[in-house]
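Novice: For reference, the structure I am asking about is given below.
Each value in this text was obtained by applying a stated rule to the coordinates, not by laboratory testing. The model shown is predicted, which means the values in this text are computed figures rather than measured ones. Backbone-built Cβ (ideal geometry, glycine too); neighbour counts: all protein chains shown.
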Amino acid sequence: MPELPEVETIARGLAQQVTGESIESVWLGSKPEPLKSPAREIARTLEHARIADIRRVGKHIVVDLENSGSSRKRSSAQKSQWIVHLGMTGSLVVCPPDAEVEKHTHAIVRLGSGRELRFVDPRRFGRLSIVRSSNGFAASGLEPLDVGFELFVGLFRKRKTPIKSALLNQKLLSGVGNIYADESLFRAGIRPRRRAATLTRDELRRLYESVQQVLNEAILAGGSSINDYVDARGEPGMFQMQHRVYGREGEPCLTCRTPVKRIVIAGRSSHYCPQCQR
DNA sequence: AATGAAACCTGACAGC
DNA sequence: TGCTGTCAGGTTTCAT
């Protein structure tokens with residue numbers, strides 16, 4: 001469910017609500033765990049830590065923790081991070097302790113204020129992990145909103161894969177998902193099946209600007225709510241109102257009235273206007 | 001090395 | 001009501 005704009009919205013909301021809180025205790029569900037790190041390590045790291053900040057890196061939510069090293073020395077503040085990937089259906093919600101525990105709740109973090117931070121994920125594609133390296137968590141690819149144009153161009157050089165697949169490849173850019181890839185390609189006037197390496201410099205310029213424009217507009221709108229996505233407060237995003245091709249198969253292109261086409265690329269449905277996109 | 005298909009999961013919805 | 005098939009905002013793994 002969440003791509004960069006949704007994750008950004010969620011991370012901002014969470015940061016606002018729980019920065020500075022301490023973590024009292026952690027409950028992790030059993031079952032085939034959505035955990036990349038061992039449950040023991042996650043629990044041990046989170047418990048008694050202080051939440052210093054929450055932010056987005058790619059499609060990941062990074063919770064910066066401070067371990068005050070409770071008993072020993074004063075300033076033995078160790079840095080560790082709790083990384084949450086929401087997969088397709090994951091959500092992180094802050095709620096009062098007496099709120100009903102939803103089905104598919106896999107983790108409950110009790111906060112100093114008495115509230116709880118809960119991880120819910122029906123499809124269990126989401127992942128929780130702990131990072132301790134001194135450099136901190138690093139995304140596999142470049143941040144689409146920060147990358148310079150030359151670096152962006154370099155990503156697609158020599159790639160025979162469809163440009164749509166390249167945009168979805170998190171090792172190149174991290175954060176672009178299916179909705180925003182389609183929307184960006186529409187705005188740039190480029191067909192999703194075009195081989196990445198065949199794009200001209202002009203086309204790449206348009207794509208570069210379109211990606212940033214679409215992501216920024218979506219962040220302003222609080223993300224896209226297609227099925228059940230809601231932010232940290234339970235509010236849906238509004239960007240779906242501005243989708244020009246995604247989910248509009250058969251409907252007229254907003255520019256030229258040609259029916260929007262839907263095809264499958266790398267197993268993902270892809271929407272485009274056969275007239276406006278070449 | 002690079003590409004694409006399949007696998008991982010559950011739920012919602014359409015059609016019969 | 002209930003069955004079947006399809007689809008879903010993501011990523012990893014396994015064959016080519």
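Novice: Could you point to the residue in A:15, A:28, A:58 farthest towards the positive end of chain A's charge dipole, with +1 and -1 charges on the Cβ of Lys/Arg and Asp/Glu respectively?
Specialist: A:58
Novice: Once you charge only the Cβ atoms, +1 for Lys and Arg and -1 for Asp and Glu, what is the size of the charge dipole of segment A:62-181 about its Cα centre, to the nearest 20 debye?
Specialist: The dipole magnitude comes to about 560 debye.
Novice: Each label point is 7 Å from the Cα along the Cα-to-Cβ direction; what then is the distance between the points at residue A:95 and residue A:53, in nm?
Specialist: 3.0 nm
Novice: So how strong a dipole does chain A carry about its Cα centre when Lys and Arg Cβ are +1 and Asp and Glu Cβ are -1, to the nearest 20 debye?
Specialist: Charge dipole of chain A: 1360 debye, to the nearest 20.
Novice: Still on this structure, please answer the following. Give the residue from A:90, A:186, A:112 lying farthest towards the positive end of the charge dipole for segment A:65-199; charges sit on Cβ (+1 for Lys and Arg, -1 for Asp and Glu) and the dipole is referred to the Cα centre.
Specialist: Going by the Cα projections, it comes out as A:186.
Novice: Can you tell me the relative contact order of segment A:193-278? Whole percent, Cα pairs under 8 Å, sequence separation 6 or more.
Specialist: That works out to 16 percent.
Novice: Spelling out what I want: for every residue of segment A:107-114, take phi, set θ = phi - 60°, compute 6.51 cos²θ - 1.76 cosθ + 1.60 (Karplus), and round to whole Hz; glycine and proline get x.
Specialist: 8, 10, 10, 8, 9, x, 6, x
Novice: Hey, with R₀ at 30 Å, roughly what FRET efficiency would residue A:113 and residue A:79 work out to, going by the Cβ-Cβ distance, to 0.05?
Specialist: 0.85
Novice: Also, quick follow-up: Give, as a single signed number, the net charge of other residues whose beta carbon lies under 10 Å from the beta carbon of residue A:253, with Lys and Arg counted +1 and Asp and Glu -1.
Specialist: +3
Novice: Straight-line reach from residue A:261: which aspartates and glutamates fall under 20 Å, measuring Cα to Cα and dropping same-chain residues less than 8 apart?
Specialist: Result set, ordered by chain and number: A:182, A:183, A:249, A:251.
Novice: Please list, in order, the residues from segment A:111-129 whose amide nitrogen is less than 14 Å from a point placed 7 Å along the Cα→Cβ vector of residue A:227.
Specialist: Output list for this probe position: A:121-126.
Novice: If neighbour count is taken as other Cβ atoms inside 10 Å, put A:64, A:121 in order from fewest to most.
Specialist: Ascending number of Cβ neighbours within 10 Å: A:64, A:121.
Novice: Enumerate by residue number the chymotrypsin sites (Phe, Trp or Tyr not before Pro) in segment A:107-193 meeting two conditions: DSSP loop (anything except H, G, I, E, B), and at most 16 other Cβ atoms within 10 Å of the site's Cβ.
Specialist: Listed in order of number, the matching sites are A:125.
Novice: May I ask you to derive the FRET efficiency for residue A:140 and residue A:41 from their Cβ-Cβ distance with R0 = 22 Å, giving the value to the nearest 0.05?
Specialist: That gives a FRET efficiency of 0.50.
Novice: Sort A:235, A:150, A:6 so the one with the fewest other Cβ atoms within 10 Å of its own Cβ comes first. If you can, show how the numbers build up before the last one.
Specialist: Details: A:235 13, A:150 7, A:6 28.
Sorted ascending by nearby Cβ count, the order is A:150, A:235, A:6.
Novice: List A:261, A:103 from most exposed to least, where exposure is judged by having the fewest other Cβ atoms within 10 Å.
Specialist: Starting with the residue having the fewest Cβ neighbours, the order is A:103, A:261.
Novice: Here is a follow-up. Report the gain in length on full extension from residue A:257 to residue A:24: 0.36 nm times residue separation, minus Cα-Cα distance, nm rounded to one decimal.
Specialist: 78.2 nm
Novice: How high is the FRET efficiency between residue A:160 and residue A:242 when r is their beta carbon distance and R₀ equals 41 Å, given to the nearest 0.05?
Specialist: Result of the calculation: an efficiency of 0.80.
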